[in-house]
Number of protein chains: 4
Amino acid sequence: MAIEASKEEAGGHRIRLGMVGGGQGAFIGAVHRIASRIDDQYELVAGALSSDAARAKASAKDLGIADDRAYTSFAEMAKAEAARPDGIEAVSIVTPNNTHFPAAKAFLEAGINVICDKPLTTTVAEAEELVALVKKTGKVFAVTHNYTGYPMIRQARAMVAAGELGEIRLVQAEYPQDWLTEKAEADPNNKQAGWRTDPARSGAGGCIGDIGTHAYNLACFVSGLELDQLLAQLSTFVEGRLLDDDVQILLKWKGGAKGMLWASQVAVGNENGLKLRVYGTKGGLEWTQADPNYLWFTKFGQPKQLLTRGGAGAWPEAARVTRVPSGHPEGYLEGFANIYTEAARAIRAAREGKEAGAEVIFPSVEDGLTGMKFIDAAVKSSQAGNVWTKV
Amino acid sequence: MAIEASKEEAGGHRIRLGMVGGGQGAFIGAVHRIASRIDDQYELVAGALSSDAARAKASAKDLGIADDRAYTSFAEMAKAEAARPDGIEAVSIVTPNNTHFPAAKAFLEAGINVICDKPLTTTVAEAEELVALVKKTGKVFAVTHNYTGYPMIRQARAMVAAGELGEIRLVQAEYPQDWLTEKAEADPNNKQAGWRTDPARSGAGGCIGDIGTHAYNLACFVSGLELDQLLAQLSTFVEGRLLDDDVQILLKWKGGAKGMLWASQVAVGNENGLKLRVYGTKGGLEWTQADPNYLWFTKFGQPKQLLTRGGAGAWPEAARVTRVPSGHPEGYLEGFANIYTEAARAIRAAREGKEAGAEVIFPSVEDGLTGMKFIDAAVKSSQAGNVWTKV
Amino acid sequence: MAIEASKEEAGGHRIRLGMVGGGQGAFIGAVHRIASRIDDQYELVAGALSSDAARAKASAKDLGIADDRAYTSFAEMAKAEAARPDGIEAVSIVTPNNTHFPAAKAFLEAGINVICDKPLTTTVAEAEELVALVKKTGKVFAVTHNYTGYPMIRQARAMVAAGELGEIRLVQAEYPQDWLTEKAEADPNNKQAGWRTDPARSGAGGCIGDIGTHAYNLACFVSGLELDQLLAQLSTFVEGRLLDDDVQILLKWKGGAKGMLWASQVAVGNENGLKLRVYGTKGGLEWTQADPNYLWFTKFGQPKQLLTRGGAGAWPEAARVTRVPSGHPEGYLEGFANIYTEAARAIRAAREGKEAGAEVIFPSVEDGLTGMKFIDAAVKSSQAGNVWTKV
Amino acid sequence: MAIEASKEEAGGHRIRLGMVGGGQGAFIGAVHRIASRIDDQYELVAGALSSDAARAKASAKDLGIADDRAYTSFAEMAKAEAARPDGIEAVSIVTPNNTHFPAAKAFLEAGINVICDKPLTTTVAEAEELVALVKKTGKVFAVTHNYTGYPMIRQARAMVAAGELGEIRLVQAEYPQDWLTEKAEADPNNKQAGWRTDPARSGAGGCIGDIGTHAYNLACFVSGLELDQLLAQLSTFVEGRLLDDDVQILLKWKGGAKGMLWASQVAVGNENGLKLRVYGTKGGLEWTQADPNYLWFTKFGQPKQLLTRGGAGAWPEAARVTRVPSGHPEGYLEGFANIYTEAARAIRAAREGKEAGAEVIFPSVEDGLTGMKFIDAAVKSSQAGNVWTKV
């Protein structure tokens, strides 16, 4: 029990945060709020929590947001907050995908840092515009590819970078779920199924955008590789569904490594089965999201090791995003919080006109663009008859 | 993905919280603070974070506590806060064991609700005095036997209570760790090992008080049984250690059930291996703290089922303390937060002169006393030559 | 413990068996012999165990084969045994791939039943010739795609056939190993690596023929599906290796199901990681060869079940190939033995001029041909630039 | 895949074997026969398979035993076989416990080696008599405490002996099952439940003798420790059952180590959950019978290692009883076969007037006596009110 207390609680210098989306009945908004609170890095002071005025007000009240900072549109909020001396320093955008771009644009242009849910936008063009805008404004922009916040994923990345696996040959990613096995979107009360299977709100990708892009992001993050081309087989198994619900992709990485990526929303018995395996000339790594405190590592010709968060085999890259000792499991919210806390470090550095240190890691707007290019290539490959496509 | 957002974030009506202990360099203080923030139920506004004045001030500043509410003694804090119109409504006591009693007493007498770390006190007599004081003052008193906050433990308890296992025959609890395999307390920088192996600060029990009592609490909580007698074999394997570091106990429960309890701090390879197994005439349950989102359930003569937090087999008792969907793991901090949030519900009910509903569950001062009686009986049984002892 | 003794030991009416290959220093020969003995269905009475005469004699002596039935060529053995009144009734062919065809042909033509290792031959044409020859001679011909012998695989197949999973949508197979991570064939003492990476002895496929075909066979066996087309990415990661050591394939099954198949000999940390997952409209199944006594089954919307060999959820199709009670693990050799015992049932039925009942299942010469077509299509797809190819 | 073929098949010099018990409808007889065949060390040529004459004949015929060697009593068989020039060299005794002693005595006195099921006898006195008789006759005597045959158990023992764990502090053994949760012996067709719960056939111990003694044997075998005293709590949970069905024991080993042993036949959800954990000053080991190819090993302060049968971390002591490569699971029958093959080595050595080498390991008649003393002490401790009892 090498006890590691939380490295940093920032009660003394919290960042003023606003939120777009996440009102009553939403799912991911609450996740973002918990993530923002775990290390006490933020205080939520403003919100455009719903486009419905009454719900926006009520939701704000629940959350302790003052009445005059409960907005009904992100545009109004960006403008008003930018004008206040105590205005928000950062905004969380937690709406369906189609609102990410206009909202992010509005806040960047108002000089406000952005934490945006994934996928970044609904088109590559929008994503490129955001990249340019971030460059122009110099604001901090984090995309919540939250799985990169898990300590053992940080460690996996560090081990690959340090050459522990040798030259990478294979990167195998999978992300099976089963919650869309039946036509859940036919139930009007199932808001999650509704917008996630609706091209108007999700963009051109269903499963590929919702979870395939997470798996791809994680594969890139850990392996450090860039994709050259892919061949995708997108399927829609549920009759009448408007977007893909299963995704099977062959990958050719630059430099010669190969890989496969499978994401599914119809694989019965899988709750949230994100899994990453990376193999090189000298070693191999395996990690499973549902059991995130463990990282399997094998050096070729030696016994398998079970590395644990906080344990004897933990690297500094994992330890710095760890709050409780080994054997005391951390989970999804703690990993998500790590993205928020890393972003907070960057925002505070920016307050002082500095850049955050190289150890501060969170998915950037460029990573968001990389994800959009992946979705775009996969959709195109599939529509062209499952052919090889450059990203 | 039956998405279940956090049932309640209380930003609009937070409870004003103080903390005793938990200054810079402490471990469990940060855990309590994170737990208090996850559902936004509390705001930390005062602290006697250290008996060292400079450290107390610095720690308070880190945490955003105003200078005039950074105290250097709990007694001063109890008095001053009770006198303020905006004084704290609850206090977290997160010091070594020997301070639990005087601090808890001071705050109860000042009319302030208490959340106290375990074990409740260092003697049964102190514990009994606190029970009486709680009865007299009517204040809310929670003991952080935090493992009762795990959703699948709530479900296990509910399943036993509903008769899913039939009549209980066996309750097997174990809690192996390995962090005291060598004489860690010889290192003056190892503050955790220092006080936890020191009778002056820990009381008469080492391993039995630190983790044995957790295992016992969990066994009682889930099984609903009361202990009749025990026979304990307490060992000190590390030379020169002042308290037990391994505990082996046979249990006779009232009503005829049997059980074994093993806790160890010298079992190499075990990080935090709390495990509970309960068997009845009709079914059996198994749960492991390191993988807390899973609960194994078998009806006699049927295949084993893997029940998951948030999943298809989750009961309402688990769902109401669940924040994220199945497959998105929750961990130690979320379980701990459930104790804080349940206590908050009781405190808010008390604000309004009501009692919390029966569904609101947290370890009480009586549970703390039960734990103290268990420690006391185990120490006495062992000292008398490992003989049967009534609790 | 629904104790199930071995259904049948055949000491009273053993089948006289010969073996081609499998002399001193070989690997798979001993596996076949153990498999043949477990249920006492065969007695080994003749062998062409090595092409080296001295080794053939010595190996025969070790195994209790009489001197005059220790042959140095399969041709000689086929002829001599066919002429004896007590000649062998069946032969096991356990040589490198390139000998399968001529040996199998010789024994079939001599009227002797054949149990042949996989892959069936080195070309599709040879495989087709064997299929025709089996039809003509009416002899029993089993191919040791031994993984179909595992009880829980039998159960998986039965569950799919019975509609427990609904309509099949996805069949995901993988078979990672790591034993060829480095250039093991450079060591002249490594006979296994030597012939398995040598096109002259293995045929056109390396990893695809050695293990990819096992994974494919299992996918077909359990799902009951037939493949329509595939797209393969075969790689050779180890410099100078003559055959593929990693295989990634997309699958389009007839009827609309999709799938992926990955086989690798360079995935560090994987010993023999054959795994099959099948998902349908109503349920899902997962099975892992290294832990073969377990079968995970989920009905959509219900908790996951862990079905165990011999346990409460075992089906008759599993029970009839089970020897010991649940919790007493069976393994690779028992699964292999099931193929031998099933073949013995067919051979004994044929002795009496009957057909074996429908419950008697073993991989046939047609299954062997199906495997050869799969290898052929995968090699062609890959050589043509990873393009879709009909099988 | 360090491929390790079976080290030895003995077709050329099999041992002539007889069997007492194990006729049609029996369970463990078939297990013994398979175990005897796996390495081709024995040929079964005689049997007193049942005390029912017709069943004895029919069972013999099934197994290929000649009519004139199908006996109806062990006494007759011992006499007749001893008189034949081709008489049996060894006998397997696979009856209920109460026949072990008279049968073993008869064969020893007839100069025939004995392989006897466990527990050795029904009383300590009988066991002592057998020990004396073995000493006097010089015959090989193996007791099938078969779990000592598992390769990773051999490795565990070797690692402890080599000091990899340092000085042993804790030995924790458990063996839960659930097959007697209800009153199975009330069903006259359940022969297993019938005799195993019948004091007349089982002796004074139920669960303690049937499986508790296995767990104890394994604990001694791996740890190399001798027991000083125990305190047992034997329970009978099922009403009307004549013997114990749950066993909870505290252990004091000579030299200061401690331990707990739990065995149960009423722990719902446990099929055959034998598990052993050993902890020392430097390291810890964990092994589970249901997954026997794995051995967890932790050096204090280092990551956990998963050692696998046949894998990179396998020791020679495991490799010499291993037949197939890592990742190809071996199971219960292979472990059982290792006892038979080791005994065969001793018997063949004795044929030549030699002793088997020190590497040849199987449970001896002395181990059988140790088991009987354990059962005896546990029963006495429990009957005396769960008090400390010397063994």
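List the residues whose amide H sits under 5 Å from the amide H of D:Ile15, counting only those 5 or more places along or on another chain, with H placed 1.01 Å from N in the peptide plane.
The answer is D:Tyr42, D:Glu43.
Going 7 Å from Cα along the Cα-Cβ axis for the label, what nanometre distances separate D:Pro316 from the same residue across the other copies?
Result, one decimal in nm: 4.3, 5.3, 6.6.
Given labels modelled 7 Å from the Cα in the Cβ direction, how far is it in nm from B:Asn189 to C:Thr288?
Placing both labels 7 Å along Cα→Cβ, they lie 3.9 nm apart.
Could I have the simple spin-label model distance between B:Ala58 and D:Ala158, label points 7 Å from Cα toward Cβ, reported in nm to one decimal?
Each label point is offset 7 Å from its Cα along the Cβ direction, giving 5.4 nm.
Pull up all non-local amide H partners of B:Cys116: gap of 5 or more, or a different chain, and H-to-H distance under 5 Å with H placed in the peptide plane.
B:Ile93, B:Ala142, B:Val143, B:Thr144
Please express the shape of region C:111-191 as an equivalent ellipsoid: the semi-axes are the square roots of 5 times the eigenvalues of the C-alpha gyration tensor, given largest first in whole angstrom.
29, 26, 13
Please list, ordered by chain and number, the residues whose modelled amide H lies under 5 Å from the amide H of D:Arg169; skip anything fewer than 5 residues away on the same chain.
D:Tyr279, D:Gly280, D:Thr281
Projected area of region A:253-344, taken from the Cα convex hull and averaged over every viewing direction, in nm²?
Reported value for the Cα convex hull: 8.4 nm².
Need one value for A:227-234: mean number of C-beta atoms belonging to other chains within 10 Å of its residues' C-beta atoms.
If you average over the peptide's residues, the count of other-chain Cβ atoms is 2.
Using only Cα atoms, what is the ratio of the radius of gyration of region A:123-260 to 2.2 N^0.38 Å?
1.21
Could you work out Rg/(2.2 N^0.38 Å) for region D:311-391, with Rg from alpha carbons only?
Here the answer is 1.57, to two decimals.
Can you tell me what the convex hull of the Cα atoms of chain B projects to on average, as an area in nm²?
On the way: hull surface 76.2 nm².
That works out to 19.1 nm², a quarter of the Cα hull's surface.
Return the average number of partner chain Cβ atoms within 10 angstrom of each residue Cβ along peptide B:255-267.
Going residue by residue through B:255-267 and averaging, the value is 4.
Using a Förster distance of 25 angstrom, determine the FRET efficiency expected from the C-beta separation of A:Ala350 and B:Gln24, and round it to 0.05.
0.40
How large is ³J(HN,Hα) for each residue in region D:49-65, as worked out from phi by the Karplus curve 6.51 cos²θ - 1.76 cosθ + 1.60 (θ = phi - 60°), to whole Hz, x for Gly and Pro?
Working through the residues one at a time gives 7, 7, 7, 8, 4, 5, 5, 4, 5, 5, 4, 4, 4, 3, 8, x, 8 Hz.
Kindly give the semi-axes, whole Å and largest first, of the ellipsoid equivalent to region D:11-146, taking each as the square root of 5 times a Cα gyration tensor eigenvalue. Show your work: numbers first, answer last.
Values: eigenvalues 89, 53, 44 Å².
Working through the eigenvalues yields semi-axes of 21, 16, 15 Å.
I need the shape label for region D:240-293. Rule: rounded when a/c is under 1.5, else prolate if a/b > b/c, else oblate, with a, b, c from the alpha carbon gyration tensor. Mind dumping the intermediate values first?
On the way: a/c = 4.09, a/b = 1.41, b/c = 2.90.
Verdict is oblate for region D:240-293.
From the label point of B:Arg84, set 7 Å along Cα to the beta carbon, how far off in nm is each other copy's matching point, shortest first?
Nearest first, the other copies' label points are 2.4, 9.7, 9.9 nm away.
Determine which aspartates and glutamates satisfy two conditions relative to D:Lys136: a Cα distance under 18 Å, and not lying fewer than 8 residues away in the same chain.
Qualifying aspartates and glutamates at Cα under 18 Å: D:Glu89, D:Glu109, D:Glu126, D:Glu128, D:Glu355, D:Glu366, D:Asp367.
Before anything else, pin down the relative contact order of chain D: Cα pairs under 8 Å, at least 6 apart, normalised by residue count, whole percent.
Contact order relative to length: 21 percent.
Could you please report the charge total around A:Phe237, scoring K, R as +1 and D, E as -1 over all other residues with beta-carbon less than 14 angstrom from its beta-carbon?
Details: positive: A:Lys183, A:Arg241, C:Arg169, C:Lys252, C:Lys258, C:Lys282; negative: A:Asp178, A:Glu182, A:Glu185, A:Glu239, A:Asp244, A:Asp245, A:Asp246, C:Glu167.
For residues surrounding A:Phe237, the net value is -2.
Grab every C-alpha pair in region A:67-172, bin the distances at 10 angstrom width from 0 up to the longest one, and report whole percents.
Here the calculated profile for region A:67-172 is 13, 36, 25, 17, 7, 1.
Compute the distance in nm between two label points, each set 7 Å from the Cα along the Cα-to-Cβ direction, one at A:Ala125 and one at A:Gln302.
Rounded to a tenth, the inter-label distance reads 5.3 nm.
Using a label point 7 Å beyond Cα on the Cα-Cβ vector, give me the inter-copy distances for A:Ala349 in nanometres, one decimal, shortest first.
So the label point of A:Ala349 gives 4.8, 6.8, 7.2 nm to the other copies.
Could you run the Karplus curve 6.51 cos²θ - 1.76 cosθ + 1.60 with θ = phi - 60° over region C:146-157 and give me ³J(HN,Hα) per residue in whole Hz, x for Gly and Pro?
5, 5, 6, x, 5, x, 6, 6, 4, 5, 4, 4
Filter the cross-link list A:Lys79/A:Lys139; B:Lys57/B:Lys191; A:Lys282/C:Lys183; C:Lys135/C:Lys252 down to pairs whose alpha-carbon distance in this structure exceeds 18 Å.
B:Lys57/B:Lys191; C:Lys135/C:Lys252
Inside 10 Å of the C-beta atoms of D:317-329, what's the mean count of C-beta atoms belonging to other chains?
On the way: counts 0, 0, 0, 0, 0, 0, 6, 10, 8, 5, 12, 13, 15.
Shielding by partners across D:317-329 averages 5.
Once you wrap a convex hull around the alpha carbon atoms of the protein assembly as shown, what is its projected area averaged over all directions, in nm²?
On the way: hull surface 214.0 nm².
Average of the hull's projected areas for the protein assembly as shown equals 53.5 nm².
Can you pull out the trypsin sites (Lys or Arg not before Pro) in region A:334-369 that DSSP calls coil and that have at most 13 other Cβ atoms within 10 Å?
A:Lys354
Could you derive backbone 3J(HN,Hα) for region C:375-383 from the dihedral phi with the Karplus parameters 6.51, -1.76 and 1.60 (θ = phi - 60°), listing whole Hz in sequence and x where the residue is Gly or Pro?
4, 4, 5, 5, 5, 5, 4, 5, 5
Considering only DSSP states other than H, G, I, E and B, which GluC sites (Glu not before Pro) in region D:194-303 qualify as loop sites with at most 16 other Cβ atoms within 10 Å?
Here the sparse-neighbourhood loop sites are D:Glu226, D:Glu239.
Each reported figure results from applying straightforward, stated rules to the coordinates on display, with no laboratory input. Just so you know, these numbers come straight off a predicted model, no measurement behind them. Please note: Cβ atoms are built from the backbone with ideal geometry, for glycine as well, and neighbour counts cover all protein chains shown.
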